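The values are calculated or read from the model by the stated rules, or taken from the named source; none is laboratory data. This one's a predicted model, so the numbers in the text were calculated from it and none came from an experiment. Counting neighbours? That spans all protein chains shown, and the Cβs are built from the backbone with ideal geometry, glycine included. Surface areas here come from the heavy atoms of the whole protein model, side chains and all, with no ligands, DNA or RNA. Shrake-Rupley method; radii C 1.70, N 1.55, O 1.52, S 1.80 Å.
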Amino acid sequence: MRAIAARLHGARDIRIDEFDLPPIKDDEMLVKVVSDSICMSTYKMAILGTDHKRVHADVADHPAICGHEFAGDIVEVGAKYADKYHPGQKFTIQPAINYKGSMDSPGYSYEFCGGDTTYCILPQEIFTQDCFLPYDGDAYFEASLAEPMSCNIGAFHAAYHTQMGVYTHQMGIREGGKLCLNAAAGPMGLGGLTYALHCDRRPALVTVADINQERLDRAAELFPPAEVKEECGIDLHFVNTGKVDDPVATLREITGGTGYDDVFCYAPVAAVVTQSSLILGRDGCLNFFAGPTDKQFQAPVNFYEVHYGSTHFMGTTGGNTADELESLRMTEEHRLDPAVMVTHVGGLYAAPETTLNLPKIPGGKKLIYTHIDMPLIALEDLRSKAGEDARYGALADIVDAHKGLWCAEAEKYLLANWESID
């Protein structure tokens with residue numbers, strides 16, 4: 001099978017390669033990738049090259065296919081799994097396979113397995129680790145976003161609380177409690193918000209804080225507080241902490257002065273980490289969600305409250321298979337809408353430049369459709385290209401009809417009307 005892929009050859013060196021995939025083994029699977037969502041972790045991998053823990057030392061000789069948030073269709077099943085799976089079946093994967101203690105992962109470590117490609121081979125460890133996930137939902141992009149959504153789900157599950165004199169942790173965010181998502185008007189923060197509003201341990205109050213008013217306004221359009229209160233029974237607040245004199249006092253005032261039971265920090269910025277720690281209430285749990293690239297990253301926190309107020313700090317990276325299955329299930333049931341994370345779409349040839357410049361491109365998730373030739377474009381800019389190409393106008397009409405969100409209808413139109421690179 002001939003494949004076209006964006007592959008890492010070294011630090012800051014991603015190339016579009018065309019190559020032949022080897023025949024699959026009995027315990028492998030040939031798949032057609034349809035969509036891949038570009039993750040900030042892929043940017044970090046691309047910048048660091050072999051200094052990244054998941055990138056193999058001989059990547060220059062055996063380049064790694066980029067991308068790990070992918071979904072597609074089964075093309076050919078090895079004999080070992082022929083009675084369990086079948087061609088044409090939709091799928092996604094859990095990329096954190098943790099095979100025999102290794103950090104190898106699709107999208108970082110494999111020459112023939114990753115998301116930014118037309119076709120790839122799923123190795124046997126994905127199946128032995130139960131990381132192959134069939135999907136029955138409406139759209140491929142929703143399955144692609146199950147992995148980043150699972151990062152939020154895992155973080156919500158990993159939160160914990162204590163009871164004085166009892167040495168057993170109560171796992172999960174506090175049900176009926178007070179939750180703050182700080183620096184959270186971006187894609188991952190909105191993913192956390194949609195999960196918070198629909199999960200089984202719903203808080204009573206949620207505050208979304210950020211310093212970008214445009215992002216906050218967009219979030220408020222997608223999640224109108226009055227509608228959230230009526231439908232979910234949750235008090236939702238949006239706060240621009242860059243426009244108030246005392247952000248800590250403002251955020252604590254929303255809680256009635258008690259502070260928050262759970263705080264998620266979505267930015268690796270020292271001042272934001274400190275701010276997040278200062279708004280915790282008694283027994284408050286702070287999840288430092290955003291992974292820094294600086295190995296010496298530090299921030300001041302109040303250890304008086306750690307001792308006397310039982311505040312505590314933790315960090316999570318990624319989710320596990322159960323988290324991703326929960327994301328897929330909730331999406332199939334239309335309880336989650338991962339489309340709130342997507343702001344750009346494009347074809348495979350846009351993947352290298354998009355990955356290497358990801359922090360400089362505003363907005364949320366960048367969604368790559370690997371079989372089409374299309375430059376990366378923001379959803380809000382689709383209309384501007386309608387004059388030169390009517391297809392963009394049709395896409396804009398579909399997106400506008402869905403509150404400016406990407407959707408299954410838009411995906412189907414794109415796949416049916418754009419040129420294939422195969």
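Filter the GluC sites (Glu not before Pro) in the range 90-189 down to the DSSP loop ones having no more than 14 other Cβ atoms within 10 Å, then list what survives. Could you put the intermediate results ahead of the total?
Details: sites: Glu111, Glu125, Glu142, Glu175; in loops: Glu111, Glu175.
The qualifying sites are Glu175.
Using helices alone, I'd like the mean residue ellipticity at 222 nm for the chain: each DSSP H run of four-plus residues gives -39500 (n - 2.57), total over residue count, nearest 500. It would help to have the intermediate numbers written out before the result.
Values: 14 runs with 124 residues, N = 422.
Helices in the chain give a 222 nm mean residue ellipticity of -8000 deg cm²/dmol.
Multiply the residue gap between Lys295 and Glu18 by 0.36 nm, knock off their C-alpha separation, and tell me the result in nm, one decimal place. Mind showing how you got there, number by number?
Numbers: separation 277, 0.36 × 277 = 99.72 nm, distance 3.56 nm.
The Lys295-Glu18 span can extend by a further 96.2 nm.
Please report, in Å, the Rg and the Dmax of the range 178-289, where both are computed over Cα atoms only.
Over the range 178-289's Cα set, Rg and Dmax evaluate to 12.6, 36 Å.
So which trypsin sites (Lys or Arg not before Pro) in the range 246-342 pass both tests, a DSSP loop state and at most 12 other Cβ atoms within 10 Å of the Cβ? If you can, show how the numbers build up before the last one.
Details: sites: Arg252, Arg282, Lys295, Arg329, Arg335; in loops: Lys295, Arg335.
Sites meeting the loop and neighbour criteria: Lys295.
Could you tell me the calculated FRET efficiency between Ala401 and Glu227, based on Cβ-Cβ distance and R0 = 25 angstrom, to the nearest 0.05? Before the final figure, lay out each step's value.
Details: r = 18 Å, r/R0 = 0.74.
That gives a FRET efficiency of 0.85.
Tell me, in nm to one decimal, what length is gained between Glu175 and Asn357 on full extension, where the rule is 0.36 nm per residue of separation less the Cα-Cα distance?
On the way: separation 182, 0.36 × 182 = 65.52 nm, distance 3.91 nm.
Computed gain between Glu175 and Asn357 is 61.6 nm.
Just to make sure I understand: if all protein chains stay in place, what is the order of Ile24, Ile93 by accessible area at 1.4 Å, largest first? List each step's numbers first, then the result.
Numbers: Ile24 35, Ile93 0 Å².
Of Ile24, Ile93, the descending order of accessible area is Ile24, Ile93.
I want to verify the translational diffusion coefficient of the range 61-120 in µm²/s; compute it with Stokes-Einstein, Rh as the Kirkwood radius over Cα pairs, at 10 °C and 1.306 mPa s. Could the numbers behind the result be given before it?
Working: Rh = 12.5 Å.
Answer from the Stokes-Einstein relation: 127 µm²/s.
Build a GNM of the chain with springs between Cα atoms under 10 Å: which of Thr258, Thr370, Thr42 gets the top mean-square fluctuation?
Thr258
By what distance, in whole Å, do the Cα atoms of the range 321-372 stretch along each of the three principal axes, largest value first?
Extents along the principal axes, in whole Å: 34, 24, 19.
With a 1.4 Å probe and all protein chains kept in place, how much accessible area does His62 have, in Å² rounded to the nearest 10?
80
Using only alpha carbon pairs under 8 Å that are at least six residues apart, calculate the relative contact order of the range 1-132 and give it in whole percent. Intermediate results must be reported in sequence, preceding the final value.
Values: 320 pairs, mean separation 42.2, N = 132.
Contact order relative to length: 32 percent.
Hey, any idea what % of the chain's accessible area is carbon plus sulfur with a 1.4 Å probe?
Roughly 50 percent, rounded to a whole number.
Return the Cα extents of the range 1-101 along principal axes one, two and three, sorted largest first, each rounded to a whole Å.
41, 29, 24
I want to check the label-to-label distance for His86 and Gln163. Put each point 7 Å from Cα in the C-beta direction and report it in nm to one decimal.
Between His86 and Gln163, the simple spin-label model gives 5.1 nm.
Computed FRET efficiency, Cβ-Cβ of Asp27 and Met1, R0 25 Å: what is it to the nearest 0.05? Mind showing how you got there, number by number?
Values: r = 18 Å, r/R0 = 0.70.
That gives a FRET efficiency of 0.90.
Stokes-Einstein at 10 °C, 1.306 mPa s, Kirkwood radius from Cα pairs: D for the range 344-413 in µm² s⁻¹? Could you put the intermediate results ahead of the total?
Details: Rh = 12.4 Å.
Stokes-Einstein gives a translational diffusion coefficient of 128 µm²/s.
Starting from the Cα-Cα distance between Asp51 and Asp246, subtract it from 0.36 nm times their residue separation and give me the gain in nm to one decimal.
Working: separation 195, 0.36 × 195 = 70.20 nm, distance 4.02 nm.
Extending this stretch completely gives an extra 66.2 nm.
Give the average over all directions of the projected area of the C-alpha convex hull of the range 214-253, one decimal, in nm².
On the way: hull surface 12.8 nm².
For the range 214-253, the mean projected area of the Cα convex hull comes to 3.2 nm².
So what are the range 306-422's ellipsoid semi-axes, whole angstrom, largest first, if each one is the square root of 5 times an eigenvalue of the alpha-carbon gyration tensor? Present the calculation step by step, with values, prior to reporting the outcome.
Working: eigenvalues 218, 62, 46 Å².
Computed over the range 306-422, the values are 33, 18, 15 Å.
Please enumerate, by chain and number, the lysines with C-alpha under 21 Å from the C-alpha of Lys80, excluding those fewer than 8 residues away in the same chain.
Once the sequence-local lysines are set aside, what remains near Lys80 is Lys25, Lys32, Lys90, Lys100.
Among Lys243, Lys100, Lys229, what's the order by accessible area (1.4 angstrom probe), most exposed first?
On the way: Lys243 145, Lys100 170, Lys229 95 Å².
Largest to smallest exposure gives the sequence Lys100, Lys243, Lys229.
Taking 7 Å along the Cα-to-C-beta vector as the label spot, tell me the Tyr308-Asn98 distance in nanometres, rounded to one decimal.
3.9
Give the lysines reachable from Lys229 as a straight Cα distance under 19 Å; neighbours fewer than 8 places away on the same chain don't count.
Lys178
Under a plain spin-label model, where a point goes 7 Å from the Cα along Cα-to-Cβ, how far apart in nm are Ala378 and Asn212?
Taking the two extended label points, one gets 0.9 nm.
Counting only protein chains, not ligands or nucleic acids, how are Cys232, Cys120 ordered by accessible area (probe 1.4 Å), most first?
Working: Cys232 30, Cys120 0 Å².
Most to least solvent-accessible, the answer reads Cys232, Cys120.
What accessible area per residue, rounded to a whole number of Å², is obtained for the chain using a probe radius of 1.4 Å?
Details: 17890 Å² over 422 residues.
Roughly 42 Å² per residue, with all protein chains present.
Over the residues of the chain, compute the C-alpha Rg and express it relative to 2.2 N^0.38 Å.
Details: Rg = 21.6 Å, N = 422, 2.2 N^0.38 = 21.9 Å.
This ratio for the chain stands at 0.99.
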